[in-house]
């Protein structure tokens with residue numbers, strides 16, 4: 001079979017709401033400075049892990065979306081809608097005049113509105129079924145970020161929610177690119193939104209041994225690839241990108257922020273939560289993404305690693321990068337700053353990877369003080385590093401052994 005010709009989906013709009021800030025510019029400054037965001041979380045008081053990475057308290061969804069609209073939405077939907085609005089402003093398209101039937105939305109989410117679920121379950125137990133809110137399902141559903149983004153901007157094309165655990169945001173971008181490549185859509189808003197830092201989810205992750213226990217010093221808890229790492233720090237956030245066919249974007253004079261030029265997906269098929277220690281599934285996804293882009297590992301100058309700061313995951317990923325890409329790529333994990341935003345992580349980190357290509361600067365890995373001797377990659381530490389390569393990799397891996405890898409290229 002003849003492989004398909006490489007296809008570049010132009011990214012013309014970026015939007016972010018993360019623990020590093022509200023808006024792309026604020027996020028990028030925080031990530032470049034490598035200032036962590038983890039802190040004590042009053043909503044988790046009394047739990048085995050009582051800290052997280054939250055969106056800054058000055059984030060006011062009611063001020064942006066309107067009080068009545070914000071009141072109806074689950075927090076993951078609020079985050080996704082605000083990020084989508086920023087991405088639309090950035091891309092220069094007017095949603096009031098476009099052909100909405102040719103505009104799609106693909107959003108990744110892993111767990112839905114867990115806070116809404118917990119709240120309404122408590123109401124059910126204490127007050128009975130008649131007191132459960134009629135807005136419960138719309139505020140909880142995994143699909144509702146995609147649905148509400150479409151309602152907000154009049155996107156009447158395919159409307160999809162993808163859930164591949166912590167790879168969801170990257171999977172969404174890969175699916176969105178395919179909608180452009182096969183001619184189904186002319187514009188796609190794609191990314192991820194997650195707000196699952198709620199007591200039951202955090203208790204479950206703590207019981208599974210996935211979370212850092214550095215309660216005495218939360219700011220230093222998210223330490224990807226560090227020898228003293230002990231688990232990830234959960235975060236919330238959203239990242240949304242506007243994708244168009246490159247020829248269309250350039251014809252209308254849009255500013256192209258970069259391109260999604262390759263996508264690869266795979267399964268470990270080994271374990272429900274632990275990564276394949278040999279990294280075979282992740283390596284397959286990397287190689288598939290490179291082949292899709294028509295590139296080799298030697299073409300990649302930067303890797304934004306999944307890098308969650310788990311003991312097994314970081315080492316397995318480092319071996320994958322070394323074998324599939326080589327030793328020359330500058331590797332970072334921005335989760336040292338933002339924590340792990342789960343289903344939104346891949347989309348958020350795709351934005352950071354594009355910004356690295358655009359600016360020629362790779363952010364350092366926050367809290368990386370003593371590199372694990374088993375990590376055989378070139379980790380960026382201390383300060384941003386200038387990189388001139390025009391291609392980068394963004395890795396995302398999730399529970400269930402689900403892997404999604406993006407190749408991003410400079411404009």
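Throughout, read-outs are computed from the coordinates displayed, never taken from laboratory work. Everything quoted here is computed from the prediction, not taken from an experiment. Cβ placement follows ideal geometry from the backbone for every residue including glycine, while neighbour counts extend to all protein chains displayed.
For this structure, a couple of remarks:
- Length-normalised contact order of the chain in % [C-alpha pairs under 8 Å, at least 6 apart]: 24 percent
- For 96, 198, order by how many other beta-carbon atoms lie within 10 Å, fewest first: 96, 198
- Average Cα contact separation per residue, the range 171-263, under 8 Å, 6 or more apart, as relative contact order %: 34 percent
- nm² value of the averaged projected area, convex hull over the Cα atoms of the range 260-409: 7.5 nm²
- Panel order for 335, 29, by other beta carbons found within 10 Å of each beta carbon, from fewest to most: 29, 335.
- Listed from fewest to most Cβ neighbours within 10 Å, the set 240, 162, 375, 233 follows the order 375, 162, 233, 240.
- Antiparallel %, DSSP beta bridges [both residues in the range 9-251], to 5: 60 percent
- With the alpha-carbon atoms of the range 109-180 aligned to their principal axes, the span from lowest to highest coordinate is 49, 28, 12 Å, starting with the largest.
- Percent breakdown of C-alpha pair distances by 10 Å bin, ordered from the shortest bin, for the chain: 5, 25, 35, 24, 9, 1, 0
- Summary value for the range 9-251: 32 percent relative contact order, contacts being C-alpha pairs under 8 angstrom separated by 6+ residues.
- Value at 222 nm in deg cm²/dmol, rounded to 500, when DSSP H runs of n ≥ 4 in the chain each add -39,500 (n - 2.57): -10500 deg cm²/dmol
- Separation of the range 225-268 from the range 350-366 is 11 Å, based on Cα centroids.
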